[in-house]
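Right, one structure below, let's go through it.
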Amino acid sequence: MNTSFGNAARLIGAGLRALLVLTLVTGVIYPLVVTGIAQGLFNDKANGSEIKSDGKVVGSSLIGQTYNLPKKAASDSTTADDAEEAAVPDLKWFQPRPSNGLGSNSVNTQYSIILSGATNRSGDNEDLIQWVKDAKAAVVKDNSTADYKVTPSDVPADAVTSSGSGLDPHISPEYAELQAHRVAEKNGLPVAEVEKLVADHTQGRILGFMGEPRVNVLELNIALKDLASKS
């Protein structure tokens, strides 16, 4: 019995020592080393790829945002869903891809993610087809100005469909350029200056061959805000 008790005690002691060592190595030392390397070599990415405006963090370069007008106060007869649907885009800003997953925001207010995900509907789904038709009609209407008329054939796919995650922070250069006339008119800016902003913020393919050219909407809107403040 004494021998059995001694063996059990030694096994328990060895297990506790192993637990202590592994906790120290994997729970303290390893995380600190990885965090130190990340902060030293990839500080921006390790901290969430934050974007700042006027010294304040206004979002991440990896997550999209919406730019809506402030919602009107809901009446007693208005449901929460009706209040949510009442949000309309603030057309002085460049608009992102359609998405139900993005929290309402602008370049200098609160930042909120509600949910993420694609529509999960097939290409022949009637609801999806109607959403695309409605989105295309809205893009044509919103972006047509007195001297620039948008036609349905001008509307790129990313202007009327969400990304797979629903959180894409980028739009195509074509969609950004389509919005330039409307943005210039709403902000009292020359179209050429707004188009130059788009060109300056257009990113090429990764390593020259991966992905597609793209424009980060938040970064573009921050530059627009700066340009408008100087005019």
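The values are calculated or read from the model by the stated rules, or taken from the named source; none is laboratory data. Small disclaimer: the values here were computed from a predicted structure and weren't measured. Reconstructed Cβ throughout: ideal geometry from the backbone, glycine too, with neighbour counts over all protein chains shown.
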Output the helices (runs of 4 or more DSSP H) that fall wholly within the stretch 162-231 and possess 3 or more residues being more than 20 Å from residue 140 (Cβ to Cβ), or say none. 191-200, 217-230
Could you say which residue among 134, 147, 200 is in the same structural domain as residue 63 (by TED's automatic domain parsing), of a type in the set (Asp, Glu), loosely packed, with under 15 Cβ neighbours inside 10 Å and free of Cβ contacts under 8 Å to residues at least 12 places away in the same chain? 134
Tally time: how many residues in the stretch 95-130 are under 16 Å from residue 164 (Cβ atoms) and either in contact with a His (Cβ under 6 Å, 6 or more places away or on another chain) or at pLDDT 90 or above (or both)? 2
